[in-house]
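See below for the structure under consideration.
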Amino acid sequence: MTEVSSLTGRLLVATPALADPNFDRAVVLLLDHDEAGSLGVVLNRPTPVGVGDILASWAALTGEPGVVFQGGPVSLDSALGVGVVPGEPHDRSSPGLKAARGGPGETAEAADTVVAGDGPLGWRRVHGAIGLVDLEAPPELLAAALGSLRIFAGYAGWGPGQLEEELVEGAWYVVESEPGDVSSPDPEQLWRAVLRRQRNELAMVATYPDDPSLN
């Protein structure tokens, strides 16, 4: 197997050709990507469930919409927090998140220890200003540092080489993420917004109709 170039911190944007209903018009933030597989969360799948209904202590720190997002089809009964710490450097990333691939019911982000001096306690960098929040930590540890927080139920996972195969098949566009993508106040429009900001032919894909038969 050839060496995998890490895409951790990048966005996977579903192409119009992607047929899997779990990922129709999905924008996935990759939290981990290496030879052992890939893990990410879908940024634009809000649910009707309020954060206060399941994690009341964190509700005040989540922006609008203040709901739980479905991070993917895997381990829907596990919670994962992704937070942005403003002012953090944008060229650093953490080691892999293999612990986040634990079984149902585990809080993925709590499985690894925060490294002192690498951001606030209770937050572990994934890429640049984006990191994982330890939902078992007291929220007041992060209240002053967090610029935004989003809570996800479940995640999207790929086995070794599986994502690479999907990329070859043309299922995903790979683009750079921005910290604001994590907390987009209008997640239903995130797919078009991410494509529209690209300075190449991908900007035209943003105009692709939801129903191709209408084109």
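Give region 124-144 a look and list any residue that's touching a strand residue (DSSP E or B) at 6+ places or on another chain (Cβ under 7 Å) and among the hydrophobic types (A, V, I, L, M, F, W, C), or say none. So that I can check it myself, show each step before the final result.
First, the residues of region 124-144 that are touching a strand residue (DSSP E or B) at 6+ places or on another chain (Cβ under 7 Å): 124-127, 129-133, 135, 142.
Residues satisfying the conditions are 126, 129, 130, 132, 133, 135, 142.
Considering region 60-71 alone, what residues qualify as being touching a residue at least 60 places away in the same chain (Cβ under 8 Å) and either in contact with a helix residue (DSSP H, G or I) (Cβ under 7 Å, 6 or more places away or on another chain) or more than 21 Å from residue 12 (Cβ to Cβ) (or both)? Quick ask: steps written out before the conclusion?
In the first step, residues of region 60-71 are kept if they are touching a residue at least 60 places away in the same chain (Cβ under 8 Å); the result is 60-65, 68-71.
60, 61, 62, 63, 64, 65, 68 - these are the residues of region 60-71 that are touching a residue at least 60 places away in the same chain (Cβ under 8 Å) and either in contact with a helix residue (DSSP H, G or I) (Cβ under 7 Å, 6 or more places away or on another chain) or more than 21 Å from residue 12 (Cβ to Cβ) (or both).
Can you say whether residue 67 is modelled with pLDDT of 95 or more and either open to solvent by 20 Å² or more (accessible area, probe 1.4 Å) or out of contact with any Phe, Trp or Tyr (no Cβ under 9 Å at 6 or more places or on another chain) (or both), as far as the supplied structure shows? Outline the logic, then answer.
Working: modelled with pLDDT of 95 or more: yes; either open to solvent by 20 Å² or more (accessible area, probe 1.4 Å) or out of contact with any Phe, Trp or Tyr (no Cβ under 9 Å at 6 or more places or on another chain) (or both): yes.
Considered against the rule, which asks whether it is modelled with pLDDT of 95 or more and either open to solvent by 20 Å² or more (accessible area, probe 1.4 Å) or out of contact with any Phe, Trp or Tyr (no Cβ under 9 Å at 6 or more places or on another chain) (or both), residue 67 comes out as yes.
When you go through 181, 134, 211 one by one, which is the residue that is open to solvent by 20 Å² or more (accessible area, probe 1.4 Å) and modelled with pLDDT of 95 or more? Full working, then the answer.
Details: 181 fails: open to solvent by 20 Å² or more (accessible area, probe 1.4 Å); 211 fails: modelled with pLDDT of 95 or more.
134 is the lone residue from the list that is open to solvent by 20 Å² or more (accessible area, probe 1.4 Å) and modelled with pLDDT of 95 or more.
Applying the selection to region 113-131, what residues are open to solvent by less than 50 Å² (accessible area, probe 1.4 Å) and modelled with pLDDT under 90?
Result: 114, 118, 119.
Kindly establish whether residue 80 is under 22 Å from residue 127 (Cα atoms) and at pLDDT 95 or above. It would help to see each step written out before you state the result.
Values: under 22 Å from residue 127 (Cα atoms): yes; at pLDDT 95 or above: yes.
Against the criterion (under 22 Å from residue 127 (Cα atoms) and at pLDDT 95 or above), residue 80 qualifies.
Kindly indicate which of 7, 55, 12 is under 10 Å from the mean Cα position of the chain (by Cα) and aliphatic (A, V, I, L, M).
12
The values are calculated or read from the model by the stated rules, or taken from the named source; none is laboratory data. Because the structure is a prediction, the values reported are computed rather than measured. In this analysis, Cβ positions are derived from the backbone assuming ideal geometry, glycine residues included, and neighbour counts consider all displayed protein chains. Surface accessibility is based on the protein's heavy atoms, side chains included, excluding ligands, DNA and RNA. Shrake-Rupley method; radii C 1.70, N 1.55, O 1.52, S 1.80 Å.
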